[in-house]
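Contents: one structure, followed by commentary.
Taken together, the values in this text are just the output of simple stated rules run on the coordinates, not laboratory data. Note that the coordinates shown come from a computational prediction; the quantities given were computed from them, not determined experimentally. Glycine gets a Cβ as well: all are built from the backbone with ideal geometry, and neighbour counts include every protein chain shown.
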Amino acid sequence: MAKEYSGSPKHHHRLEAKRNPLTWILGVSFLCILFYVLGAWQRSSNPNTTQFSAYNRGGCDSHVTTSDNGNAVVGHPSSTNLDFASHHQVVLNSSKTVSQFPSCDMLFSEYTPCQDKVRGRKFDRNMLKYRERHCPAKEELLRCLIPAPPQYKTPFKWPQSRDYAWYSNIPHRELSIEKAIQNWIQLEGNRFRFPGGGTMFPRGADAYIDDIGRLIPLTDGTIRTAIDTGCGVASFGAYLLNRNILTMSFAPRDTHEAQVQFALERGVPAMIGIMGSQRLPYPARAFDLAHCSRCLIPWKKYDGLYLAEVDRILRPGGYWVLSGPPIHWKKFWRGWERTREDLKQEQDAIEDVAKSLCWKKVIEKNDLSVWQKPINHVECFRSKKVLKAPHMCESDDPDTAWYRNLEACVIPLPEVSSSDDVAGGAIEKWPERAYAVPPRIRSGSTPGVTAERFVEDNKLWKERVAHYKRIISPLPTGRYRNIMDMNAYLGGFAAAMLNYPVWVMNVVPINSNHDTLGVIYERGLIGTYQDWCEAFSTYPRTYDLIHASGLFTLYQNR
């Protein structure tokens with residue numbers, strides 16, 4: 001038998017495998033030594049040039065000085081004191097020590113700076129000007145913290161807060177006595193109960209809203225934003241929430257103490273406000289529904305000035321609902337303790353003003369009457385040529401509303417190409433409306449804001465709110481109910497919060513680069529204008545969470 005061949009392939013491969021690692025190690029070592037020597041030689045030939053060019057490529061500022069012979073000398077990073085402080089913030093005077101604000105006297109526990117009753121008495125009573133905003137001068141500003149009343153408690157969670165509030169949080173029992181028969185509010189031990197009653201709805205707000213729902217569409221998403229003038233304790237707005245209708249309720253700080261405070265304590269949107277001599281702080285074409293239930297506003301006076309303001313803030317095709325005197329006076333006049341002639345004269349005057357605004361009377365049933373604003377002014381302008389009425393405003397910006405005087409005229413609606421078109425553009429029904437591109441953006445009437453920017457903003461706030469949920473655990477529980485966005489822009493934050501049991505007051509500062517409050521209302525959200533150098537029109541302790549994005553940048557030079 002032949003011997004095995006000693007030079008078999010397997011044996012040969014094992015020998016090569018032993019030689020290869022040694023070869024690789026020697027080769028890599030030689031290359032390392034070579035590049036090290038080359039690098040050292042290049043560095044020693046011109047060290048300054050190499051380092052300077054590296055700093056320039058990195059975009060950094062190198063510390064360059066000049067030597068006695070005129071050559072540039074670059075400071076080595078290890079010998080430089082680097083500055084890691086932020087240079088994109090308001091410069092604070094660090095030489096001053098931080099001072100703590102003291103607590104105000106308990107007399108100021110409900111202090112509302114721009115609606116202070118004592119200051120208000122100094123102003124004209126004509127058109128209730130003394131109940132409008134009158135903010136304190138700099139020398140009047142308090143330099144102390146508003147205290148909570150004794151035994152203040154954490155408010156009830158939503159939805160329980162709609163029906164209950166702690167007496168110690170709002171220690172005013174006047175309404176529970178004065179309006180006891182009307183079921184506005186009842187005091188039960190250490191808490192208030194809100195049965196949902198009102199002056200014109202003794203059967204409760206739910207039944208009253210059902211009556212309105214038989215006259216106009218309340219449940220199909222057509223109506224999303226509403227305004228309740230002279231809201232009382234805002235039971236109308238509280239019960240509309242069950243129908244996905246978000247209501248801005250307002251009432252003055254008057255003899256019915258703490259109406260708005262009660263509303264906000266309940267977790268219902270509300271502001272201190274009045275229809276006096278100035279526009280309401282909302283844009284034109286904002287609300288789908290306006291409501292007055294015996295709100296004591298003199299609609300027929302001042303050439304229909306107040307109905308003209310309702311027309312300004314009402315969307316094309318929007319509804320105005322009026323209940324109480326003088327509606328259906330032929331049946332109810334004895335209970336109202338007024339003469340038939342007086343009531344007839346008032347209703348006739350209201351009907352005349354509504355016609356001058358080109359409104360259509362939809363229906364009058366029992367003590368409810370409903371008018372509808374036209375979807376455009378095509379027919380209105382045609383009738384104007386014949387009847388020389390109504391008088392059209394010459395204002396170039398119907399959205400201007402901050403300290404702007406009222407005008408007894410009709411705000412012209414945006415032009416349309418057909419009598420069937422909705423002026424300013426049709427909007428989607430709720431809830432699609434929240435994320436559909438608003439007409440003011442589609443038409444390009446909001447400068448600097450495009451449809452692409454709108455979509456990007458929504459995406460951004462969805463991501464941010466998802467992060468907020470991880471760090472603010474009470475969001476889904478109803479503990480945080482009243483939320484304010486101090487610089488709302490397009491309302492992206494509020495839209496992203498729609499999944500939680502909260503409502504958001506979207507504030508657009510009057511000195512913003514873009515007036516976007518009209519866009520916010522077209523999304524089915526609510527808000528107001530505000531100058532943050534002044535106090536907001538609310539009582540202390542009415543918001544559970546304050547949100548601000550970009551606000552301090554906006555005001556840093558003021």
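With a simple spin-label model that places each label point 7 Å from the Cα along the Cα-to-Cβ direction, the separation between THR400 and LEU107 comes to 4.1 nm.
Based on DSSP, what percent of beta bridges with both residues in segment 194-426 are antiparallel, to the nearest 5? Don't jump to the answer; show the numbers that get you there.
Working: 12 of 30 bridges.
Approximately 40 percent, going by the DSSP bridge assignments.
Cross-link check: pairs LYS157/LYS462; LYS179/LYS330; LYS373/LYS429 evaluated at a Cα-Cα cut-off of 20 Å; pairs beyond the cut-off: LYS157/LYS462; LYS179/LYS330. For segment 316-462, the percent of C-alpha pairs falling in each 5 Å distance bin, counted from 0 to the bin holding the largest distance, reads 2, 8, 12, 15, 15, 14, 12, 9, 6, 3, 2, 1, 0.
The share of Cα pairs per 10 Å bin across segment 428-557, counted from zero up to the longest distance, runs 12, 44, 35, 9, 0 percent. About its Cα centre, the dipole of segment 337-386 is roughly 460 debye, where the only charges are +1 on Lys and Arg Cβ and -1 on Asp and Glu Cβ.
Sorting the Cα pairs of segment 343-387 by distance into bins of 5 Å, from 0 upward, gives 5, 19, 26, 24, 14, 8, 4, 0 percent per bin. In terms of the mean number of neighbouring beta-carbon atoms within 10 Å, the peptides 162-174, 304-316, 417-429, 140-152 order highest first as 304-316, 162-174, 417-429, 140-152. Working from the Cα coordinates of segment 194-426, the gyration tensor eigenvalues give, after taking √(5λ), semi-axes of 27, 21, 18 Å in decreasing order. Less than 5 angstrom separates the built amide H of LYS153 from those of ASN169, all sequence-distant by 5 or more or on a different chain.
On a C-alpha basis, how far is the centre of segment 456-471 from the centre of segment 206-280 in Å? Whole number, if you could? First find each Cα centre; the distance between them is then 29 Å.
Please give the FRET efficiency for LYS117 paired with LYS157, using the beta carbon to beta carbon distance and R0 = 30 Å, rounded to the nearest 0.05.
Numbers: r = 32 Å, r/R0 = 1.07.
Efficiency, from the Cβ-Cβ distance: 0.40.
Taking only the alpha carbons of segment 195-284, we obtain Rg and Dmax values of 13.2, 38 Å in that order.
Find the Rg to Rh ratio for segment 165-221, where Rh is the Kirkwood radius over alpha-carbon pairs and Rg uses the same atoms.
Values: Rg = 14.2 Å, Rh = 12.6 Å.
Using only Cα positions, Rg/Rh for segment 165-221 is 1.13.
Take the Cα of LEU141, step 7 Å toward its Cβ, do the same at ASP421, and the gap between the two points is 4.8 nm. Electrostatic tally near PHE454: other residues with Cβ closer than 14 Å to its Cβ, Lys and Arg +1, Asp and Glu -1, net +2. For GLY318, the residues whose modelled amide H falls within less than 5 Å of its own, excluding neighbours fewer than 5 places apart on the same chain, are LYS373.
Kindly rank 360-366, 154-160, 120-126 from highest to lowest mean number of other beta carbons found within 10 Å of each residue.
154-160, 360-366, 120-126
Please work out the ratio of the alpha-carbon Rg of segment 455-508 to 2.2 N^0.38 Å and round it to two decimals. Don't skip to the answer; put the middle values down first.
On the way: Rg = 10.6 Å, N = 54, 2.2 N^0.38 = 10.0 Å.
Output field value: 1.06.
Rounded to the nearest Hz, the phi-derived 3J(HN,Hα) couplings of segment 545-558 under the Karplus curve 6.51 cos²θ - 1.76 cosθ + 1.60 (θ = phi - 60°) are 8, 10, 10, 9, 9, x, 5, 6, 5, 5, 10, 5, 9, 9, where x marks glycine and proline.
Taking every alpha-carbon pair within segment 128-213, the share separated by more than 23 Å comes to 47 percent. Sequentially through segment 214-222, phi angles give Karplus couplings (6.51, -1.76, 1.60; θ = phi - 60°) of 7, 9, 9, x, 10, 10, 9, x, 5 Hz, Gly and Pro residues having no value and appearing as x.
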